[in-house]
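The values are calculated or read from the model by the stated rules, or taken from the named source; none is laboratory data. What you are looking at is a predicted structure, and each value in this text was computed from that prediction instead of being measured. Note that each Cβ is placed from the backbone with ideal geometry, even for glycine, and that neighbours are counted across all protein chains shown.
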Amino acid sequence: MIFNTAKVMSKGQITLPVDIRNGLKLSTGDRVALIYENNRVILMNPAIYAMEKLQEEMAGEAEKAGIYSEEDVIELCREVRREVEGI
């Protein structure tokens, strides 16, 4: 865990401490996601946030489709390829 503080400036801007920028692998010009919940602000890489939300939304869908293993995924890919290629 990294703990640090930042001062809020007159326009609401803050400077992220370097150790936090490094931890999030942020570079100049990168965008961040700010999530406010339960009186806390979570700062995240937006791509990671989007992937987490997708995973939450898709939870259980593989099982509903009868996919339980890597072999099931491979077979599904083969079936789709056969359909696309008209085999």
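In the condition set (1) without any contact (Cβ under 8 Å) to a residue 24 or more places away in the chain; (2) over 18 Å from the mean Cα position of the chain (by Cα), Asn22 is compliant with all but (2). Out of Ile67, Ile42, Ile35, one residue alone is without any contact (Cβ under 8 Å) to a residue 12 or more places away in the chain, surrounded by 10 or more Cβ atoms within 10 Å (Cβ to Cβ) and under 30 Å from Ile2 (Cβ atoms). It is Ile42. Selection within region 70-87: residues that are of a type in the set (Val, Ile, Thr) and modelled with pLDDT of 90 or more. The member of this set that is surrounded by the fewest Cβ atoms within 10 Å (Cβ to Cβ) is Val84.
The single condition from (1) in contact (Cβ under 8 Å) with a residue 12 or more places away in the chain; (2) in a loop (DSSP other than H, G, I, E, B) that Phe3 fails is (1). Just one of the numbered conditions (1) touching a Phe, Trp or Tyr at 6+ places or on another chain (Cβ under 9 Å); (2) within 30 Å of Ala6 (Cα to Cα); (3) assigned to a helix (DSSP H, G or I) is not true of Ala62: (2).
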